[in-house]
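Just so it is clear, none of the values below were taken in a lab; they were calculated from the coordinates. The shown structure was predicted, so the numbers you read here are calculated from the model rather than taken from an experiment. Using ideal geometry, Cβ is built from the backbone for each residue, glycine included, and neighbour counts are taken over all protein chains shown.
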């Protein structure tokens, strides 16, 4: 007897459909960042500053994060259909993967250009560069204040966008510092050195986004959930003999799903166990979208070792299945 549980349509996760304030804040912040991204690219080319261009690269990662958050809020509101029963949540993940790959290419370009410049650093219009970097810093501060008007403390999307903007401030501060050193001491190697530091920041953000996106698309277990702990917690429910075919995956960021089979002792009322299992998953692991199948000793699944009828074989098979399942989770 399987039961599907989707409490409040996972509204407590990051998809707060009714919160127009979040959408407005994200859209305004995105507009500010996008404008200054273009300003920094033009400024970087005119002043011959790689630090400005690499800060623009960091702003690109910032703008991508804001755009993804905006897309996620919009897409989450689209109704599922018979053809797409999860709706369009995965679109956010595909966009994130594309974003991650683009950022890797941007950071590689920064590293290559910095390597070329290190041996013979070209002259940079330091004062103008500092002025543009300072405007970039102001843009980030304004964007941060705009995002603080949204629900950045509880909403996963808003918080990640806010942290991106804070991280981007480092790039602008770095560019200002490089400009100052070049202006005061004429030490032009500061420009490629700072751009390498900013390039590393871009690469880290790109790597994280790409890794998470690939994990989601491969139906991997979310990093915030331990399958072993979930299995142990469900096994500890009175009346449950073993847990098998346990799968946890992410539909989109902030929306995790779980399916599993619970084998219970014969003669025990299964609905209280089911209710307790669903409550435990939501309370302890924050999984509100779970489908659980309850089985007794009379139910046999061909090919499932842990469904062996004989009691004395049960633990042996259970270990075999856990070992097998461990490989599946790791792969």
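Need one word for region 11-217: rounded, prolate or oblate. Basis is the Cα gyration tensor (sqrt eigenvalues a ≥ b ≥ c); a/c below 1.5 gives rounded, then a/b vs b/c decides. Could the numbers behind the result be given before it?
On the way: a/c = 3.10, a/b = 1.90, b/c = 1.63.
It is prolate, given that a/c is not under 1.5 and a/b is the larger ratio.
What Kirkwood hydrodynamic radius do you get for region 122-192 when you take the inverse of the mean 1/r over all pairs of distinct Cα atoms, in Å?
Mean inverse Cα-Cα distance, inverted, gives 13.2 Å.
Can you bin region 135-270 into rounded, prolate or oblate? Criterion: square roots of the alpha carbon gyration tensor eigenvalues sorted a ≥ b ≥ c, rounded for a/c under 1.5, prolate for a/b above b/c, oblate for the rest.
prolate
Once you order the gyration tensor axes a ≥ b ≥ c over the Cα atoms, which shape class does region 29-118 get: rounded for a/c under 1.5, otherwise prolate or oblate by comparing a/b with b/c?
Because a/c hits 1.5 or more and a/b fails to exceed b/c, region 29-118 counts as oblate.
If I model a spin label as a point 7 Å beyond the Cα along the Cα-Cβ vector, how far apart are those points for residue 127 and residue 109 in nm?
Taking the two extended label points, one gets 3.0 nm.
Can you order the peptides 46-56, 233-243 by their average number of other Cβ atoms within 10 Å per residue, highest first? Numbers along the way, then the final one.
Values: 46-56: 27.4, 233-243: 16.8.
The densest-packed peptide leads the list: 46-56, 233-243.
What is region 183-304's relative contact order, in percent, from Cα pairs under 8 angstrom and six or more apart in sequence?
On the way: 132 pairs, mean separation 24.0, N = 122.
That works out to 20 percent.
Quick one: length gained pulling residue 228 to residue 215 fully straight, 0.36 nm per residue minus the C-alpha distance?
On the way: separation 13, 0.36 × 13 = 4.68 nm, distance 1.82 nm.
The span from residue 228 to residue 215 would gain 2.9 nm if fully extended.
Tell me, what is the percent relative contact order of region 11-217, built from C-alpha pairs under 8 Å that lie six or more residues apart?
Computed over region 11-217, the figure is 35 percent.
Given R₀ = 25 Å, what would the calculated FRET efficiency be for residue 204 paired with residue 141, taking r from the Cβ atoms and rounding to 0.05?
0.65
So how much slack lies between residue 189 and residue 94, counting 0.36 nm per residue of separation and subtracting their Cα-Cα distance, in nm?
Here the answer is 30.4 nm.
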